[in-house]
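**Student:** For reference, the structure I am asking about is given below.
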Amino acid sequence: MDSNDWDKRYEAADNIWSLTPNQFVVEYLSDLPTGSVIDLAGGEGRNALWFASRGWQAENTDFSPVALRKFSDRAAELGLAERCVATCVDATSEELKFTLAPVDLGMIIYLQINAKDLAQAIKSLVSALEPNGTFFGVWHARENLDGGFGGPQDPAVLPTQEELRIACVNAGLNDPMIEIKKRSVDVDGSERIAIDVVAMATKL
């Protein structure tokens, strides 16, 4: 799907994604000291808004202008506009220009694209981090195809732990922590289990 396709999808509903932050963002990053964050391909900005509500300067980026407009509107409604920046970029571009860079934290949450483009996106985001800045990512895992619920069904856009490790190291991240995590999903009152892969590392 290109940016026009995503614009149409975002226009079709008030909110495509949950308004609450990703559970692993909360689990892994709640204890970080307040600073600045870039969420690459952050859609409607649920994670960036959560950080802004905690006193962070937050930049939400996406290639859908509609998603970014919804992010900015919600930031204004919540009184967070002064802490929020919306930047229209394609995460797979080789040269990304961010407003807040360099930042303390860079996130990629469910950017499901092929391994080559994902490696480029990780490299671009890491380049926007301060020295010793934190990189954090969450994806639907390849393991989800056989043992999990939901997410894309194309293995080419479901990263493996090894693909992520190589991408992180090549981007200049030190000793990345990469692990499989299970996530409970409520489907019409029944619990289903999704399988994600989480990566966290510090910039060298």
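The values are calculated or read from the model by the stated rules, or taken from the named source; none is laboratory data. Just so it is clear, the model here is predicted, and its values are computed rather than measured. All Cβ positions, even for glycine, are placed from backbone atoms using ideal geometry, and neighbour counts span all protein chains on display. These area figures cover heavy atoms from the full protein model, side chains too; ligands, DNA and RNA do not enter into them. Shrake-Rupley method; radii C 1.70, N 1.55, O 1.52, S 1.80 Å.
**Student:** What's the ranking of 126-134, 39-47, 98-106 by average number of surrounding C-beta atoms within 10 Å, highest first?
**Tutor:** In decreasing order of mean packing, 126-134, 39-47, 98-106 become 39-47, 98-106, 126-134.
**Student:** With an 8 Å cut-off on Cα pairs and a minimum separation of 6 or more residues, tell me the relative contact order of the stretch 67-201 in percent.
**Tutor:** Once normalised by length, the contact order is 22 percent.
**Student:** Can you put THR61, THR202 in order of accessible area, largest first, using a 1.4 Å probe?
**Tutor:** Ranking THR61, THR202 by accessible area, largest first, yields THR202, THR61.
**Student:** When Lys and Arg each count +1 and Asp and Glu each count -1, what net charge do the other residues less than 14 Å away from ILE178, Cβ to Cβ, add up to? Let's see the in-between values first.
**Tutor:** Values: positive: ARG142, ARG165, LYS181; negative: GLU143, GLU162, GLU163, ASP175, GLU179, ASP196.
Combined, the nearby Lys, Arg, Asp and Glu give -3.
**Student:** Taking 0.36 nm per intervening residue step and subtracting the Cα-Cα distance, what contour gain separates LEU78 from SER93 on full extension?
**Tutor:** Here the answer is 2.3 nm.
**Student:** Now for a separate question. List the lysines whose alpha-carbon lies under 21 Å from that of LYS123, not counting same-chain residues fewer than 8 positions away?
**Tutor:** Qualifying lysines at Cα under 21 Å: LYS97, LYS203.
**Student:** Right, something else. How far is it, in nm, from the label point at SER184 to the one at SER127 when both lie 7 Å from their Cα along the line to the Cβ?
**Tutor:** In this crude label model, SER184 to SER127 measures out at 4.3 nm.
**Student:** Would you please classify the overall shape of the stretch 42-102 from the alpha carbon gyration tensor, given that a ≥ b ≥ c denote the square roots of the eigenvalues, rounded means a/c under 1.5, and beyond that prolate means a/b larger than b/c while oblate covers the rest?
**Tutor:** Taking the square roots of the gyration eigenvalues as a ≥ b ≥ c, the stretch 42-102 is oblate.
**Student:** Can you return the aspartates and glutamates within cross-link range of LYS70? Criterion is Cα-Cα under 19 Å, with same-chain partners fewer than 8 residues away left out.
**Tutor:** In chain and number order, the partners are ASP2, ASP5, ASP7, GLU11, ASP14, ASP39, GLU44, GLU59, ASP62, GLU82, ASP90.
**Student:** Which entry in (1) 16.0, 45; (2) 20.5, 68; (3) 21.4, 72 is this structure's computed Rg and Dmax of the Cα atoms in Å?
**Tutor:** Computing Rg and Dmax of the Cα atoms in Å and matching it to (1) 16.0, 45; (2) 20.5, 68; (3) 21.4, 72 gives (1).
**Student:** Next question, about the same structure. Quick one: work out the % antiparallel among DSSP beta bridges in the chain, nearest 5.
**Tutor:** Taking every DSSP beta bridge with both residues in the chain, the antiparallel ones total about 50 percent.
**Student:** Indicate the gyration tensor shape class of the stretch 124-204 (rounded, prolate or oblate), computed on the Cα atoms with a ≥ b ≥ c the square roots of the eigenvalues: a/c under 1.5 is rounded; otherwise a/b larger than b/c is prolate and the rest oblate.
**Tutor:** prolate
**Student:** Highest mean first, how do 176-185, 48-57 rank when packing is the count of other Cβ atoms within 10 Å averaged over residues?
**Tutor:** 48-57, 176-185
**Student:** What nm value, rounded to one decimal, do you get for the distance between THR20 and ARG192 when each label is placed 7 Å out toward the C-beta?
**Tutor:** Distance between the two pseudo-spin positions: 1.9 nm.
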